[in-house]
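In what follows, a structure is listed as structure tokens, so that the remarks can point back to it.
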Amino acid sequence: MAKQPKLTPPPTTVRTRRAYFDCRFGQLHVRTAFPTTGGFDEGVTLFCLHPSEVSSRAFHRFLPEIADDRSVYAPDLPGCGESDPAPSMNFQEAAAAVADLAKDLRLRQIDLLGFRFGAGVALELAAARPDLVRRLVLVAAPPMDGLPVVKQESLVLRIKLGVGDDSQWTKAILPQAKFIDLAEYDADMFDAAPRTLAKQIGAFLKA
């Protein structure tokens with residue numbers, strides 16, 4: 001009897017969609033991505049926070065790549081994209097809106113990926129809510145006055161654009177940080193190399 005060929009399982013398909021959630025400033029427009037498995041075997045939910053001059057669309061190619069084993073949410077921060085504005089465009093109010101989103105989703109713990117302004121929002125929320133934020137991934141984090149030491153494990157990706165992310169300030173504020181140099185990438189990194197970045201970031205979040 002001929003040996004039957006081993007069947008290859010079909011590739012995991014990530015489901016993506018967009019939705020609106022309430023926060024203290026009105027509504028947040030959010031891009032989401034979910035693994036088809038779902039359920040209790042997922043990793044910690046990841047929030048992706050964009051630079052102030054763009055929207056969550058900056059992550060539209062990255063989300064399906066990073067969401068193979070965890071749910072991922074990329075909100076338009078207040079006043080950006082299709083989200084309602086906050087009274088001021090600052091780290092504190094944006095962090096409050098992200099915390100509201102986590103509460104609305106009934107998440108006890110989240111990981112944060114922040115790029116430029118989004119990195120400042122991630123640092124602000126991590127400092128204010130260490131009970132909520134487990135790990136950080138930061139790209140081109142801006143220097144911030146008065147921020148206490150952020151004790152969460154962090155991955156800092158240093159790219160061409162980065163100015164503050166490799167400064168002494170960053171190293172002092174993030175004692176648990178691991179630094180990776182990605183000098184070949186620039187502002188379009190999440191659009192240009194989504195799969196490569198998803199592998200590096202996913203490995204850090206799983207460790």
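The values are calculated or read from the model by the stated rules, or taken from the named source; none is laboratory data. What you are looking at is a predicted structure, and each value in this text was computed from that prediction instead of being measured. Quick reminder, even Gly has a Cβ in these numbers, built from the backbone with ideal geometry, and neighbours come from all protein chains shown. Areas reflect the complete protein model, heavy atoms only, side chains present, ligands, DNA and RNA absent. Shrake-Rupley method; radii C 1.70, N 1.55, O 1.52, S 1.80 Å.
Inspect the range 38-53 for any residue being of a type in the set (Gly, Ala, Ser), in contact with a His (Cβ under 7 Å, 6 or more places away or on another chain) and farther than 19 Å from Glu124 by Cα and give the result as yes or no. Full working, then the answer.
So in the range 38-53, the residues of a type in the set (Gly, Ala, Ser) come out as 38-39, 43, 52.
So of that shortlist, the ones also in contact with a His (Cβ under 7 Å, 6 or more places away or on another chain) come out as none.
There is no residue in the range 38-53 that is of a type in the set (Gly, Ala, Ser), in contact with a His (Cβ under 7 Å, 6 or more places away or on another chain) and farther than 19 Å from Glu124 by Cα.
For Phe91, state whether it is open to solvent by less than 40 Å² (accessible area, probe 1.4 Å), under 17 Å from the mean Cα position of the chain (by Cα), within 24 Å of Pro142 (Cα to Cα) and of a type in the set (Phe, Trp, Tyr). Step through it out loud before you land on a result.
On the way: open to solvent by less than 40 Å² (accessible area, probe 1.4 Å): no; under 17 Å from the mean Cα position of the chain (by Cα): yes; within 24 Å of Pro142 (Cα to Cα): yes; of a type in the set (Phe, Trp, Tyr): yes.
Answer is no for this residue.
Hey, can you tell me all the residues within the range 45-70 that are in a loop (DSSP other than H, G, I, E, B) and either open to solvent by 10 Å² or more (accessible area, probe 1.4 Å) or within 25 Å of Leu147 (Cα to Cα) (or both)?
Just the residues of the range 45-70 that are in a loop (DSSP other than H, G, I, E, B), to begin with: 45, 50-55, 60-62, 67-70.
Scanning the range 45-70 gives Thr45, His50, Pro51, Ser52, Glu53, Val54, Ser55, His60, Arg61, Asp68, Asp69.
From (1) crowded, with 16+ Cβ neighbours inside 10 Å; (2) touching a residue at least 40 places away in the same chain (Cβ under 8 Å), pick out the condition that doesn't hold for Pro85.
Among (1) crowded, with 16+ Cβ neighbours inside 10 Å; (2) touching a residue at least 40 places away in the same chain (Cβ under 8 Å), the lone unmet condition for Pro85 is (1).
Just the residues that are open to solvent by 30 Å² or more (accessible area, probe 1.4 Å) and not charged (D, E, K, R), please, taken from the range 94-108.
Passing the criteria: Leu105, Leu107.
For the range 71-102, give me the residue count where each residue is in a helix (DSSP H, G or I) and aromatic (Phe, Trp, Tyr).
Our first condition is that a residue be in a helix (DSSP H, G or I); within the range 71-102, this holds for 91-102.
Now restrict to residues that are aromatic (Phe, Trp, Tyr): 91.
Looking only at that region, the number is 1.
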